[in-house]
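One structure below.
The values are calculated or read from the model by the stated rules, or taken from the named source; none is laboratory data. Keep in mind that this is a model prediction, so the values were computed, not measured. Here the Cβ positions follow ideal geometry from the backbone for every residue, glycine too, while neighbour counts run over all protein chains shown.
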Amino acid sequence: MSEKTSEQTKTELEAAVFRRLVKHLRERNDVQNIDLMILAGFCRNCLSNWYQDAADEIGLDLSKPEAREIVYGMSYDDWKAKHQTEASEEQKAAYAVAHKPGH
């Protein structure tokens, strides 16, 4: 990105990328949060927490359920009921390895 790119343009591009990421995650509801955590170190819940943190930073009152609905496109309870599966023993083991201290 050139030095001439304005902060406003940069913000607009970052917002567009975020919207595309959220859209992609909504479309890929077959990908479980534990899979994301194992491979990427973050999940949909992390994104909603970061969204809530950003709202807090500017003084916007946004609850955890509201932030999750922005990311999931529905209530978290609805998403879990429709899409979340029980983590397999292999997923649990991979998560433990990926998230052990110092890793």
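Quick notes on this one:
- Lone unmet requirement of (1) assigned to a loop (DSSP other than H, G, I, E, B); (2) of a type outside the set (A, V, I, L, M); (3) surrounded by 13 or more Cβ atoms within 10 Å (Cβ to Cβ) for Pro101: (3)
- For Val71, the conditions (1) out of contact with any Phe, Trp or Tyr (no Cβ under 9 Å at 6 or more places or on another chain); (2) closer than 22 Å to Arg19 by Cα; (3) of a type in the set (Val, Ile, Thr) all hold with the exception of (1).
- In the stretch 2-47, of all residues being in contact with a Leu (Cβ under 9 Å, 6 or more places away or on another chain) and among the β-branched types (Val, Ile, Thr), the one that is surrounded by the fewest Cβ atoms within 10 Å (Cβ to Cβ) corresponds to Thr5.
- Cβ-Cβ contacts under 7 Å between residues 6 or more apart (or on different chains), taken from a first residue in the stretch 6-35 that is closer than 23 Å to His99 by Cα to a second residue that is among the charged types (D, E, K, R) and modelled with pLDDT of 95 or more, are listed as Leu25/Arg44; Asn33/Arg44.
- Of all residues in the stretch 51-97, those being hydrophobic (A, V, I, L, M, F, W, C), more than 16 Å from Arg28 (Cα to Cα) and exposed (fewer than 14 other Cβ atoms within 10 Å of the Cβ) number 6.
- Answer from Gln91, Gln52 - the residue that is closer than 22 Å to Asp35 by Cβ, among the polar types (S, T, N, Q) and either part of a helix (DSSP H, G or I) or under 13 Å from the mean Cα position of the chain (by Cα) (or both): Gln91
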